[in-house]
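The structure appears below as structure tokens.
The values are calculated or read from the model by the stated rules, or taken from the named source; none is laboratory data. Bear in mind the structure is a predicted one, so any value in this text is a computation, not a measurement. For neighbour counting, all protein chains shown are included, and Cβ atoms are generated from backbone atoms with ideal geometry for every residue, glycine included. Surface accessibility is based on the protein's heavy atoms, side chains included, excluding ligands, DNA and RNA. Shrake-Rupley method; radii C 1.70, N 1.55, O 1.52, S 1.80 Å.
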Amino acid sequence: MDNFSDKIFYYLNRPKFFIGLARAQLFYRFFFGSIGRKTMVISPELITNPSKIFIGANVIIHPGARILCITDFHGQQYNPIIKIGNDVKIQQGLHMSCADEIEIQNGVTIAQYVGIFDIDHNFHDTTKPIHAQGITAKKILIGQNSFIGKGTVIMGGTKIGKNCVVGANSVVRGAFPDYSVLSGSPAKILYKLN
């Protein structure tokens, strides 16, 4: 969009962007741990414990995000922290649950309907429902400039290096070095970028 009038037309046809920018800069900044300049959070579905969320500058989180910082689960206390770096782009339908730590570094792109969960539900006691058995939480790191494909699920304890590409609909758990291209359920490295 090189033409100024094209830019005006684009933004006038997308009022949610204006509202998301205004909401983040004028309202959310009083409740979040921090929120950077030009960051937009557009029509989230649900955000809990926003004081535990730290978002950098020039971030866009598209509609329908569900970002849960879990501080208490069946009497067990947690101290979650979500860190989102600068220039991160997150498409619609993100679902993120955090009881330990989720770090998304600078320049990451996350496609639609991605789940990022640093928790696993315990399920060892067959006499109790799974939701009543507690959770186990392990840190997640998504390295700078990585791309997470549509429908991917990233599980607790995962470390994705910088400049990685995760294929659509992958289920990711484990450590993946910088410049990896991975895909599948469970995700495996297909090749390395040069």
Next item on the list: Would you check if I70 is crowded, with 18+ Cβ neighbours inside 10 Å, within 12 Å of the chain's Cα centre (by Cα) and either modelled with pLDDT of 95 or more or within 22 Å of N145 (Cβ to Cβ) (or both)?
Entry: no
Note to self: Could you go through segment 51-61 and let me know if any residue there is open to solvent by 50 Å² or more (accessible area, probe 1.4 Å), more than 18 Å from G115 (Cβ to Cβ), of a type in the set (S, T, Y) and not in a loop (DSSP other than H, G, I, E, B).
What the structure shows: yes
Margin query: For segment 14-23, which positions are under 16 Å from Q92 (Cβ atoms) and either of a type in the set (A, V, I, L, M, F, W, C) or open to solvent by less than 30 Å² (accessible area, probe 1.4 Å) (or both)?
Written below: F17, I19, G20
Notebook entry, point to check: In the set D178, D125, which member is of a type in the set (D, E), open to solvent by 60 Å² or more (accessible area, probe 1.4 Å) and either more than 19 Å from D72 (Cα to Cα) or within 11 Å of the chain's Cα centre (by Cα) (or both)?
Noted result: D178
Next item on the list: Name the one entry in S5, S34, S43, S97 that is farther than 24 Å from I148 by Cβ and open to solvent by less than 80 Å² (accessible area, probe 1.4 Å).
Entry: S5
Notebook entry, point to check: Does D87 count as surrounded by 15 or more Cβ atoms within 10 Å (Cβ to Cβ) and either farther than 22 Å from T158 by Cβ or not aliphatic (A, V, I, L, M) (or both)?
Noted result: yes
Check: Is at least one residue of segment 141-164 crowded, with 18+ Cβ neighbours inside 10 Å and either modelled with pLDDT under 95 or touching a Cys at 6+ places or on another chain (Cβ under 6 Å) (or both)?
Finding: yes
Notebook entry, point to check: Of (1) more than 18 Å from L182 (Cα to Cα); (2) open to solvent by less than 40 Å² (accessible area, probe 1.4 Å); (3) at pLDDT 95 or above; (4) not small (G, A, S), I104 satisfies all except one. Which?
Noted result: (1)
Next item on the list: Working only within segment 150-172, note down all residues that are more than 15 Å from the chain's Cα centre (by Cα) and over 16 Å from A111 (Cα atoms).
Entry: G161, K162
